[in-house]
Amino acid sequence: MYCQSNFSICLCNYPQRRAVSSMTWQNHSVLMELVFLAYPSHPELRILVFLGISPVYALVITGNVLIVLAIQKEARLQTPMYYFLGSLSGVEVCYTAVVVPHMLVNSLKTQKTITFLGCATQMVFFIGLGSADCFLLAAMAYDRYVAICYPLQYPLIMSLTLCVRLVVTSVVVGFFLSVQLVAFIFSLPFCQARGIEHFFCDVPPVMRLVCANSHFHEHSVLVAATLAIAVPFFLIAASYAFIVSAVLRIHSAAGHSQAFSTCSSHFTVVLLQYGCCAFMYLRPSSSYYPKKDQLLSLIYTLGTPLLNPLIYTLRNNEVKGALGRVLTRNYLSKNS
């Protein structure tokens, strides 16, 4: 560890576990600084981190923005399924924008700090958008359930009004849970140590700075994570149970193949998203391992938003065709 004179509290006191009083928290915490410890200290390695993250982030933004544009501009994609897909891509763009640009800046800085207020704000948006992502996947599962189980009533049930309400509800519920969780975490007594063993402000590494050694606090965080992760996953599992039951009643092999092909992309994304989230958040803090979890955080922060458009594009001919037409029109308009 090293000390920096401009820190409100020296990092050399990192091992200490003395709590900051509530009066100190109210008066000084907004101005106090946290420091991220996961970044390499050597300048050459910092540059490699920057060069490694930058192209991946560029691909994430490009892929998701192209999907949003294709769905907006192609009339044949103006359906509930693609409306949810466009909303999911929009949330992914915002989700990565909350932490990745800050990570890129920090990778080149000597002092990788953030204020308590900045940390809380980053966590609110990161968890809120991540939770909205989970609820959107549940809404997409419901859409597939209605399309397969009630095909004749599908246009009436999945109206544009209902789709908008489901998207708005996903975002509102996600941020409601996020605000409640972050407010609870930052109301706890923090230690004088200010080093976060992570690349950004996430729940497990920040909770390690809390001095209140009570299972109640850990269980409270676990309940919030369960509401944001396990509840939508239960809704997805229920939807797919009804879908499988309906598909098994179809006697033709072509019907089986068509029904499952409409769900395969979504199901792949669900496994990827919930696998990372469940491992990261639905476990006791005692099983938190900084080095391993830092790598996992990069996977669900960059990997999942990158793979989502790839999975939906490679498995969906309509999306591939729409993307090709959008890119062709843009190319021709620039060269005309």
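Counting heavy atoms of the protein chains alone, Glu44 has an accessible area of about 120 Å² for a 1.4 Å probe.
Largest to smallest in accessible area, the residues Cys119, Cys211 fall in the order Cys211, Cys119 (1.4 Å probe, all protein chains included).
Rolled with a 1.4 Å probe across the full set of protein chains, the surface gives Lys291 an accessible area near 150 Å².
Ordered by 1.4 Å accessible area with all protein chains kept, Leu181, Leu227 run largest first as Leu227, Leu181. Couplings for region 173-190, taken from phi via the Karplus curve 6.51 cos²θ - 1.76 cosθ + 1.60 with θ = phi - 60°, read 5, x, 6, 4, 5, 5, 4, 4, 5, 5, 4, 5, 4, 7, 8, 7, x, 9 Hz in order; Gly and Pro are left as x. Between the amide H of Phe190 and those of Val20, Cys211, distances stay under 5 Å, these residues lying 5 or more places away or on another chain, with hydrogens modeled in the peptide plane. For region 129-210, the equivalent ellipsoid derived from the Cα gyration tensor has semi-axes of 40, 12, 8 Å, listed largest first. Pair-distance distribution of region 45-87: all C-alpha pairs, bin width 10 Å, starting at 0; shares per bin in whole percent are 27, 34, 21, 14, 4. Modelled this way, with points 7 Å down the Cα-to-C-beta line, the labels at Thr161 and Ala183 are 3.2 nm from one another.
Taking a ≥ b ≥ c as the square roots of the Cα gyration tensor eigenvalues, with a/c under 1.5 meaning rounded and otherwise prolate when a/b beats b/c, else oblate, which class fits region 46-158? Prolate, since a/c reaches 1.5 and a/b exceeds b/c. Distance between the modelled labels on Ser245 and Val223, one decimal in nanometres: 3.1 nm (7 Å Cα→Cβ projection). Taking amide H atoms as placed 1.01 Å from N in the peptide plane, the amide H of Thr115 lies under 5 Å from those of Leu34, each 5 or more residues away in sequence or on another chain.
The values are calculated or read from the model by the stated rules, or taken from the named source; none is laboratory data. These numbers come from a predicted model, not from an experiment. As a convention, Cβ positions derive from the backbone with ideal geometry for all residues, glycine included, and neighbour counts pool all protein chains shown. The area values use the complete protein model at the heavy-atom level, side chains included, leaving out ligands, DNA and RNA. Shrake-Rupley method; radii C 1.70, N 1.55, O 1.52, S 1.80 Å.
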